[in-house]
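Chemist: Take this structure first; my questions come after.
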C-alpha cells in the first residue's frame, strides 16, 4: 500500500524551522527545570517536591503528635495529587528530609531504616513510616488562613500552595543544592539561633551591613559537625557576593596507646562525605604508597563516628600525619556557596546574606498581613452572627412565633428586626438547647472578646511598627525554641585556623635522635649516636685524620660545599653508622676525583651564606637556594681552574673581614657585596700574588674575633680595627700581630 506524501498546505500541518522548534522547546524545558525542580524559593527554602511532600503529609494529618504512616502511602498521595513524577524520586526526597546527618533540622520524623552516614540507602517505602516534625509544623503554620496563594495541581482536580508560610528560616537553616539548566545552587546549613539573632538585628537596623550580620552568622553549621578552616575574610566575601566556599575538616584527637604509642581518633567527618567510601579511599591510598605516614585505618563506629588512624611509627608527628591526610583524602572538603534562589517564586538570582534574610522577613510580613486580614473577616462575620443572636434572645417569643407561624420566616425576621441575611440564617439554624439564659451570657462574653481582638487587628494592619514588633516576637520565640542551649540547637561545627605545616614525608618517617657526624680528611663519613663530648678515641684509616665534627639530629639535612663550587645535600638520618670507619662520601654524591670537600654544616633555611673563591670573588646566597635535590649537586659558585671555592660562612653581621695568603687583612661593609643565587660574584679583595685564605662576617659592635691553633680566642674592637677598614676590592694591610700563621679565623660553623 502506498501513502500519499504530505505536501505544504495539506491539512492542519504547519511548517516550523527545526532551529525555532528546538529553541522554544529547550527554553520551555530550561524554565521548567529552574522554576519547578532545581532552585529553592527564598521564602520557604523549599523546592516543589519538598513543598508538596510536606503539604501532602499535612493533608494526611501526620502532625508531630499523631501516629506514623507508611511512606508508601505518603509517596502515593504526593504522586497522585501533586507531583506527577517517579515514586523513587519522591521517596528519595522524603527520606533525605528525615536524615539527621543530611539535614540540619529534619522536617520529617522517620521510623525505620532511612539510610546512614556510610552511604547505605533507606529501606523500601513499604517498610518505613513517617510523620511531620515540629519544625515542619512551623513551616506549614497558618496555611489554612489564606496566608499564601494556591494554584491548581497538574490536572486541575485539587489545589496546592505556591509557597508555604514558613515561620522558620528554612533556606539558610537547612540549606539546599540543585543543578538546573545553565545554573546551579548550593547553600550549606546554618545555625538557627545565629540566624534569628541576625534577623532581629536586621529588623531593628534595616540598613545593617553584611559585616555586621556576619558577626551574628559567622559561618555554616553542618549536621555532621567538623571544623571550618576557611579564613574569615573569604567567608565575609562569600556572604557579600553569594558565591564562595568553605573548607571543612574532620574533627580528630590524639589517643595514647600502650608502649608510648598513639592513635588518631576521628569523631566527626565533613558534611556529605560517606564514611564507608572515605575508609575505602584511605585504604586505597595506603596500598598505592601515597600515605607513607599512615600505618592502618579501621572503623570502630557505632552510634557515634569513631574512625581510628594508626601512624606508621610512634615518632610521626600527629599534626603532620593529619595534614597529609587532609591534602589527599575527603577528611577535608571544600563546600561551595552559591545562593542562587528564586525571589518571589519567579526570578532566579544570586543573593547576598542580607538579601536572603530581608526577603524572608518581607515574606513573613506578607503572611502576617494576609493572616490578620483573614482573621479580621472571620471575626467580623462572627460578630455579625452574635449581634443577630442577641437580637433573637431579646425578642425570643416573637422569633419563635414567626418561625412557627410564618410561611417565609427568614424574610419576616429580616423585615421585623432589620437583620442581615447571614443573621437570619444563623437564627434559623439555632438549636433549641441553645436558648438558655447561660448561652446569652456566653455570647455577650464572646462578643466582647472578639470586639477587643478586632480593634487590635485593625491597629496591627494600620501600623508597620506593630507588624515588625509581631515578627520580632515570632523570631524570638523560634530562637528560644531552638537556642544553642538545646540539644538540636547547639552549634556542631566550630572554627579554627589551619596550621601552616610543611609536609616533608621522608623526614617525618625518621625518628628524631641526636647524632654526631664525623668527616675525615680523606672523605670518609659516619654518624655516631648521641652527642659525646670526648672524641679522642676515634679511629681512622692509616694516614687519615679528623676533618669536621658536627652535632646534629637524624631529621636534619647536611649541606656540603666542594672545591668546584657545588653544594650537595645529605639526609642525616641516612648516614652510615658509627661502627668502623664509615663510608666514602663519594659513594653518596657525584664528586669528581680532583675535587674535595671545603665545608659541611647542618642546614638552616633562615640563614644567608657568604661564599668566596681563592681568587677573592664571592657573593651572598640564601641557604634555601643551596639545597640540592639530586646526587649531582647544585652549582652555586662559578670557578675556573686553578681557582677553587674556599670559604662558606654564615652572613650574620654588617662587616666582612678577608685575609689572603699574603697575610693582608681587609675589612669592609657587608652591603657592598651582592646577593645572588648563582654566579662568580664580585671581587672582595685583590691580590698581586697568591689568593684568599679565609673570610668572616661579623658585627661592628662585637669586633673581629679569631681562634689560634691552641684554641685560644682573640678579639679586636672596632677602634683597634680602624687601620684595616676600607672598601671592597682593595688590597688590605698586613694582619695584626698575633694573628694565626694558618691565615684562618678559626671554625666557621
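The values are calculated or read from the model by the stated rules, or taken from the named source; none is laboratory data. Predicted model, so just to flag it, every value in this text is computed and none were measured. We place every Cβ from the backbone using ideal geometry, glycine too, and count neighbours over all the protein chains shown.
Chemist: Among the residues of region 32-49, are any outside any helix (DSSP H, G or I), in contact with a helix residue (DSSP H, G or I) (Cβ under 6 Å, 6 or more places away or on another chain) and surrounded by fewer than 20 Cβ atoms within 10 Å (Cβ to Cβ)?
Modeler: No, region 32-49 contains no residue that is outside any helix (DSSP H, G or I), in contact with a helix residue (DSSP H, G or I) (Cβ under 6 Å, 6 or more places away or on another chain) and surrounded by fewer than 20 Cβ atoms within 10 Å (Cβ to Cβ).
Chemist: Name the strands (runs of 3 or more DSSP E) wholly within region 562-677 that hold at least 2 residues that are over 30 Å from residue 722 (Cα atoms)?
Modeler: 566-571, 597-602
Chemist: Would you pick out the residues in region 695-713 that are surrounded by 16 or more Cβ atoms within 10 Å (Cβ to Cβ) and either within 17 Å of residue 616 (Cα to Cα) or more than 57 Å from the chain's Cα centre (by Cα) (or both)?
Modeler: 695, 696, 697
Chemist: Another one. Tell me, which helices (runs of 4 or more DSSP H) lie completely within region 192-280 with 1 or more residues that are out of contact with any helix residue (DSSP H, G or I) (no Cβ under 9 Å at 6 or more places or on another chain)? Don't jump to the end; show me each part of the working.
Modeler: Working: elements: 192-204, 210-216, 232-241.
Helices (runs of 4 or more DSSP H) meeting the threshold: 232-241.
Chemist: How about region 351-388: which of its residues are touching a helix residue (DSSP H, G or I) at 6+ places or on another chain (Cβ under 6 Å) and part of a loop (DSSP other than H, G, I, E, B)?
Modeler: 352
Chemist: Would region 282-301 turn up any residue that is buried (at least 17 other Cβ atoms within 10 Å of the Cβ), out of contact with any helix residue (DSSP H, G or I) (no Cβ under 8 Å at 6 or more places or on another chain) and either touching a residue at least 40 places away in the same chain (Cβ under 8 Å) or part of a loop (DSSP other than H, G, I, E, B) (or both)?
Modeler: no
Chemist: Name the single residue, out of those in region 302-327 being over 23 Å from the mean Cα position of the chain (by Cα) and without any contact (Cβ under 8 Å) to a residue 40 or more places away in the chain, that is farthest from residue 100 (Cα to Cα).
Modeler: Here is the first cut: in region 302-327, the residues over 23 Å from the mean Cα position of the chain (by Cα) are 302-303, 310-317.
After this cut, where a residue has to be without any contact (Cβ under 8 Å) to a residue 40 or more places away in the chain as well, the list is 302-303.
Numbers: 302: 16, 303: 13 Å.
If we take residues in region 302-327 being over 23 Å from the mean Cα position of the chain (by Cα) and without any contact (Cβ under 8 Å) to a residue 40 or more places away in the chain, then 302 is farthest from residue 100 (Cα to Cα).
Chemist: Identify all residues within region 390-410 that are part of a helix (DSSP H, G or I), out of contact with any helix residue (DSSP H, G or I) (no Cβ under 7 Å at 6 or more places or on another chain) and either more than 29 Å from residue 448 (Cα to Cα) or touching a residue at least 40 places away in the same chain (Cβ under 8 Å) (or both); write none if there are none.
Modeler: Scanning region 390-410 gives 401, 404, 405.
Chemist: Further question on the same structure: When region 484-500 is examined, which residues are found to be more than 13 Å from residue 332 (Cα to Cα), out of contact with any strand residue (DSSP E or B) (no Cβ under 6 Å at 6 or more places or on another chain) and touching a residue at least 40 places away in the same chain (Cβ under 8 Å)?
Modeler: Within region 484-500, 484, 488, 489, 491, 492, 497, 499 qualify.
Chemist: If you don't mind, another one. Which residue is farthest from residue 152 (Cα to Cα), if the candidates are limited to region 80-92 and must be touching a helix residue (DSSP H, G or I) at 6+ places or on another chain (Cβ under 6 Å) and modelled with pLDDT of 95 or more? Break it down into steps so the answer makes sense when it comes.
Modeler: Quick first cut of region 80-92, residues touching a helix residue (DSSP H, G or I) at 6+ places or on another chain (Cβ under 6 Å) only: 82-83, 87, 90-91.
Applying the additional criterion that residues be modelled with pLDDT of 95 or more yields 90-91.
Values: 90: 20, 91: 23 Å.
The qualifying residue farthest from residue 152 (Cα to Cα) is 91.
Chemist: Being out of contact with any helix residue (DSSP H, G or I) (no Cβ under 6 Å at 6 or more places or on another chain), within 29 Å of residue 346 (Cβ to Cβ), without any contact (Cβ under 8 Å) to a residue 24 or more places away in the chain and assigned by TED's automatic domain parsing to the domain that holds residue 72 is the requirement here; does residue 157 meet it?
Modeler: Judged against the criteria, residue 157 is not a match.
Chemist: May I pose another question? Return the residues of region 91-134 that are touching a residue at least 40 places away in the same chain (Cβ under 8 Å) and in a helix (DSSP H, G or I); say none if nothing qualifies.
Modeler: Across region 91-134, the qualifying residues are 93, 94, 97, 134.
Chemist: Return the residues of region 56-76 that are surrounded by 20 or more Cβ atoms within 10 Å (Cβ to Cβ) and in a helix (DSSP H, G or I); say none if nothing qualifies.
Modeler: Within region 56-76, 56, 57, 71, 74, 75 qualify.
Chemist: Among (1) part of a helix (DSSP H, G or I); (2) within 30 Å of residue 211 (Cβ to Cβ); (3) over 25 Å from the mean Cα position of the chain (by Cα), where does residue 348 come up short?
Modeler: Of everything listed in (1) part of a helix (DSSP H, G or I); (2) within 30 Å of residue 211 (Cβ to Cβ); (3) over 25 Å from the mean Cα position of the chain (by Cα), residue 348 misses just condition (1).
Chemist: Being touching a strand residue (DSSP E or B) at 6+ places or on another chain (Cβ under 8 Å) and surrounded by 22 or more Cβ atoms within 10 Å (Cβ to Cβ) is the filter here, so list the residues in region 134-145 that pass it.
Modeler: Once the filter is applied, which keeps residues that are touching a strand residue (DSSP E or B) at 6+ places or on another chain (Cβ under 8 Å) and surrounded by 22 or more Cβ atoms within 10 Å (Cβ to Cβ), region 134-145 yields 136, 140.
Chemist: Among the residues of region 654-672, is there at least one that is in the same structural domain as residue 628 (by TED's automatic domain parsing), in contact with a helix residue (DSSP H, G or I) (Cβ under 9 Å, 6 or more places away or on another chain), surrounded by fewer than 18 Cβ atoms within 10 Å (Cβ to Cβ) and touching a residue at least 12 places away in the same chain (Cβ under 8 Å)?
Modeler: yes
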